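Just so it is clear, none of the values below were taken in a lab; they were calculated from the coordinates. What you see is a predicted model; the values in this text were computed from it and never measured. Cβ sites come from the backbone with ideal geometry, for glycine too, and all protein chains shown count toward neighbours.
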Amino acid sequence: MSDIVCSLQDFSLQFREDGTWYPAVSDLNLEIHAGEMVALIGESGCGKSVTALSLMGLWPEEARVSGSLVMQGENLLAMDSRRWAEYRGSQVSMIFQEPMTALNPLIKVGKQIRENVLVHQHVTRREAKQQVLGMMKQAGLPDVEALYHCYPHQLSGGQRQRIMIAMAMINHPSLLIADEPTTALDVTIQAQIMELMRQMNRELGSAVLLISHDLGVVKNLCSRAYIMYAGHVVESGPVAELLQNPMHPYTRGLVAAIPGPHCRDQELASIPGTVPALNARLQIGCGFCNRCAWKTDICEKETPQLKTVGNRMVRCHRVSEQEHGKRSADKGEGLEGEGQNSAANVSDAEIERRCVHV
Amino acid sequence: MIFYLKKAAGLLVTLILVSVITFGVFQILPGNPVYIILGVDADPAQAAALEKALGLDRPMAERYLDWIAGLFRGDLGMSYRYQQPVSELLSSALEVTGSLAVVTLVLTVLIGVPVGIWLAGHSHKKYSVIVSMLSQVSLSVPGFCMAVFLSSVFAVSLRWLPSMGFVSWSDSPVEWLRSLLLPSLSLALGSSSVLIRYVKVSVTNQQKQDYVRTAYSKGLKKTRVMYGHVVRNSLIPVITILGMTAADILGGSIIIENVFSMPGIGRLISVSITSRDLPLLQGLTLYLAVIVVVCNFVVDLIYSVVDPRIRLK
């Protein structure tokens, strides 16, 4: 494998409430290699956004972090505020879910991108502007000279997200973090923005950490994915394998929830229940067990550890059993509900069909 | 461009309405000005002659147009009491009150904006409570108390500054400023306390916005985020308060001008009312209305410069 750009080891982030610390992210291990596109998947509240913000040093003030965050060999948790400022926007950049609010409404978009150049490079304003115009072109924006002088409200949602991407990429960071970059956009624009990120990844060689709640969206983009649930990584591995043969019951639910032509006239599959609130999470036992159809006694008594299965990792007490007798026992043991049953073993063609919207 | 034309047209219409209302109010007021000039037991023949001389026997519309035509020539009639043109009285009073307004606004901004920003950044610290309390005190103490207090400390005891009067800028800029400092400070302490609260709330709200996170993620340092992004976006309420303060002071601070014996608009208002000087009062009323309208217009223009989104609406 190529060299590692970013690695998180036993990374934990806790919030304090009424005198008790509650973990929002626990013992997270994650690695991103140079030039790789990796996905971090999970539903709202699973801890994926705070993990991303932590890589930018922007975790909430009231939170406590521990473990190790290493970026290009440098320990992030040992950096002072001056070093953080040098690091942000040059080594690692981030784009956000809602490009309208993420841009300053009162400053011309060109200047907002230029600011990023001027902070990190010793160039004149004129040279910086030329760089900005070049990057705006590369981000697929038309008529860049005119757009440079526009305010965010004068642009469309897709254009605004392209501006955000141009802003993030202008200093050629080693890692781009994209926190649900297409959630606020039209479906047609979503595909364009995803394509743009892949293009940026190829042309500039930046690794990408793509955060999403939709496994289908990342299928064609990312090589590997980490599935998070309630602060834990529950499964990780190559995206194609995760989609084809999801092992963790939560991943199965996610795969089943990808809409596609097969869902016509059917109710969309969903996982019953919601992620428990921070202070309602069990300190012992599997975090998913209150929503899991495979739950047994051990799930409540013992916290499952990540187990290596082939080239994947999975956090489930029952995975080895299930692996063992997978083909035969699946009908009886599988999750309830039509969509979920059919998700357990699906053909490549079926996955392809489900992901057509990407 | 269309935005500015629309705004200017709006201003014109408002001004015409203001002039009609001002004129109308003084027509329907009870009491004949002739008898105010001559006394209630004047000879009716004499009264009729004066009525003709003042042109009060002509139709109202005609007199209104006359009055408007006079306005354009800068002629607002003669003051009964001073026997001077109203326009001259107004312009000399405006020099005083205008100077007072300028210095007060500058002091208000110099006190209000930095303290407001500081409070927004230190609201969780204990010592910020003391600053909040001080601004609360200066807000609740009436202006004239503040004026008397400041005057007795800085003018009477320390003798640093004059306690009364006004020196024109053209005579001596230094003395001009010295003569204005105490009255301006008495006004500015109150208005800056209001401004502090607005700035604090506005900055606190802006700091929670998503674009601030973006600014940090670009690698900007805290001060740069504050002054390059947050403060500018917090300006809208600041401009509103300043516009209101400006209109307020330009409209004459009757009490402060009296305490410091400044011959400004406020003094003129109190004199014109006590002496029933109708032409002067009419001129002042028009002036006050115009000041409010113009201040609002200027505030609108500044809004549109600060926030480009406003031009769209």
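If I take every Cα pair under 8 Å that is 6 or more residues apart in chain B, average their sequence separation and divide by the length, what percent do I get for the relative contact order?
26
So in chain A, what percent of DSSP beta bridges are antiparallel if you round to the nearest 5?
60
What are the aspartates and glutamates whose alpha-carbon lies under 19 Å from the alpha-carbon of A:LYS137, with same-chain residues fewer than 8 places away excluded?
List returned: A:GLU115, A:GLU127, A:GLU145, A:GLU195, A:GLU203.
Which angle between 0 and 90 degrees, to the nearest 10, do you get for helix A:125-138 versus the longest principal axis of chain A when only C-alpha atoms count?
40
What are the residues whose amide H is under 5 Å from the amide H of A:VAL234, where those residues sit 5 or more places off or on another chain and H is modelled from the backbone?
Those qualifying (amide H under 5 Å, at least 5 residues apart or on another chain) are A:ILE227, A:MET228, A:TYR229.
So for chain A, averaging the separation of alpha carbon pairs under 8 Å that are six or more residues apart and normalising by length, what relative contact order in percent results?
19
What does the highest-first list of B:146-152, A:44-50 look like by mean Cβ count within 10 Å?
Packing proxy ranking, top to bottom: A:44-50, B:146-152.
If a/c stays under 1.5 just call it rounded; otherwise compare a/b with b/c (prolate if a/b is bigger, oblate if not). Do that for chain B, with a ≥ b ≥ c from the square roots of the Cα gyration tensor eigenvalues.
oblate
Excluding residues fewer than 8 places away in the same chain, name every one of the lysines whose C-alpha is closer than 23 Å to that of A:LYS301.
Here the lysines satisfying the reach criterion relative to A:LYS301 do not exist.
For the protein assembly as shown, compute Rg over Rh where Rg is the Cα radius of gyration and Rh is the Kirkwood radius from the inverse mean 1/r over Cα pairs.
1.16
Can you compute the FRET efficiency between A:GLU302 and A:GLN130 using 1/(1 + (r/R0)^6), with r the Cβ-Cβ distance and R0 = 45 Å? Round to the nearest 0.05.
Result of the calculation: an efficiency of 0.15.
Could you tell me how far the Cα centroid of the range B:7-50 sits from the Cα centroid of the range B:168-189, in Å?
36
Please compute the contact order of the range A:53-180 in relative form: average sequence separation of alpha-carbon pairs under 8 Å and at least six residues apart, divided by the residue count, as a percent.
Once divided by the residue count of the range A:53-180, the mean separation gives 35 percent.
Taking loop as defined by DSSP and a crowding limit of 16 other beta carbons within 10 Å, which GluC sites (Glu not before Pro) in the range A:1-79 fit?
Qualifying residues, ordered by number: A:GLU61, A:GLU62.
How much net charge surrounds A:GLU203 when only other residues with a Cβ under 14 Å from its Cβ are counted (Lys, Arg +1; Asp, Glu -1)?
Net charge in that neighbourhood comes out at +2.
Pull out a ≥ b ≥ c, the square roots of the eigenvalues of the alpha-carbon gyration tensor of the range A:18-123, then state rounded if a/c is under 1.5, prolate if not and a/b is larger than b/c, and oblate in the remaining case.
It comes out prolate by the Cα gyration axes.
What number, rounded to the nearest 500 deg cm²/dmol, is the helix-based mean residue ellipticity at 222 nm of chain B, given -39500 (n - 2.57) per DSSP H run of at least four residues and division by all its residues?
Rounded to the nearest 500, the figure is -23500 deg cm²/dmol.
First check a/c for the range A:4-213, with a ≥ b ≥ c the square roots of the eigenvalues of its C-alpha gyration tensor; if it is under 1.5, answer rounded, and if not, answer prolate when a/b is larger than b/c or oblate otherwise.
prolate
According to a simple spin-label model (label point 7 Å from Cα along Cα-to-Cβ), what is the distance in nm between B:ALA8 and B:ASN32?
Placing both labels 7 Å beyond Cα along the Cβ direction yields 4.6 nm.
Exceeding 18 Å between C-alpha atoms, which entries from my cross-link table qualify? They are A:LYS48/B:LYS221; B:LYS125/B:LYS200; B:LYS125/B:LYS221; A:LYS111/B:LYS7.
Going by Cα-Cα distance, A:LYS48/B:LYS221; B:LYS125/B:LYS221; A:LYS111/B:LYS7 fall outside the 18 Å limit.
For A:HIS213, A:HIS149, what's the fewest-to-most ordering of other Cβ within 10 Å of each Cβ?
Lowest count first: A:HIS149, A:HIS213.
With all pairs of different alpha carbon atoms counted, what Kirkwood hydrodynamic radius in Å does the range B:15-73 show?
Here the Kirkwood hydrodynamic radius works out to 12.7 Å.
Could you tell me how many cubic angstrom of Cα convex hull volume chain A has per residue?
Hull volume normalised by residue count: 148 Å³.
Would you list B:ILE265, A:ILE193, B:ILE111 from fewest to most Cβ contacts within 10 Å?
The most exposed by this proxy come first: B:ILE111, A:ILE193, B:ILE265.
Per DSSP helix of 4 or more residues, -39500 (n - 2.57); summed, then divided by the residues of chain A. What does that give at 222 nm, rounded to the nearest 500?
-10000 deg cm²/dmol
Please report, in Å, the Rg and the Dmax of the range B:134-280, where both are computed over Cα atoms only.
When restricted to Cα atoms, the range B:134-280 yields Rg and Dmax of 20.2, 67 Å.
Rank these for me by crowding, A:MET194, A:MET100, going from fewest to most other beta carbons within 10 Å.
Ascending Cβ contact count within 10 Å gives the list A:MET100, A:MET194.
Sort out for me the Cα centre separation of the range A:8-79 from the range A:220-263, rounded to whole Å.
21
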